[in-house]
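The values are calculated or read from the model by the stated rules, or taken from the named source; none is laboratory data. All figures in this text were calculated on a predicted structure; none of them were measured in a lab. Glycine gets a Cβ as well: all are built from the backbone with ideal geometry, and neighbour counts include every protein chain shown. Keep in mind that these areas ignore ligands, DNA and RNA; they rest on the heavy atoms of the full protein, side chains included. Shrake-Rupley method; radii C 1.70, N 1.55, O 1.52, S 1.80 Å.
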Amino acid sequence: MSWAVEEWKEGLSPRVLQKIHELESQVDKLKKERQQRQYQLETLEAALQKQKQKVESEKNESAILKRENQSLMELCDNLEKAKQKISHDLQVKESQVNIQSGQLNSCKKDIERLEQELKR
């Protein structure tokens, strides 16, 4: 088959044959270069897809972390409100204890006074 490909070259001058050989060499070189570039392109496209997947995965993880952070912030807010309510309730109860303690002291004084009156 190669003889048929070469047959058209018969009768050409050595200068033309040299030029044809140079052009064929250049074509082969360009084909190899094209294959290398195609391989590089495919490699880069694969790397790009991998990076896109990584970015998407990180976006998903980021969204999960944001939701978790929001949930934790709400929990902290709720705990802070509960703490403030408990603190307020404690102050109210301490006030009630102080009032009742004052009433108790007053009653004790009344009892002592009444006991003194009874002794007389």
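Structure notes:
- Positions within the stretch 13-37 being part of a helix (DSSP H, G or I) and either in contact with a helix residue (DSSP H, G or I) (Cβ under 6 Å, 6 or more places away or on another chain) or of a type in the set (S, T, N, Q) (or both), in sequence order: Gln18, Ser25, Gln26, Gln35, Gln36
- Among residues of the stretch 1-37, those that are open to solvent by 80 Å² or more (accessible area, probe 1.4 Å) and within 60 Å of the chain's Cα centre (by Cα), counted: 13
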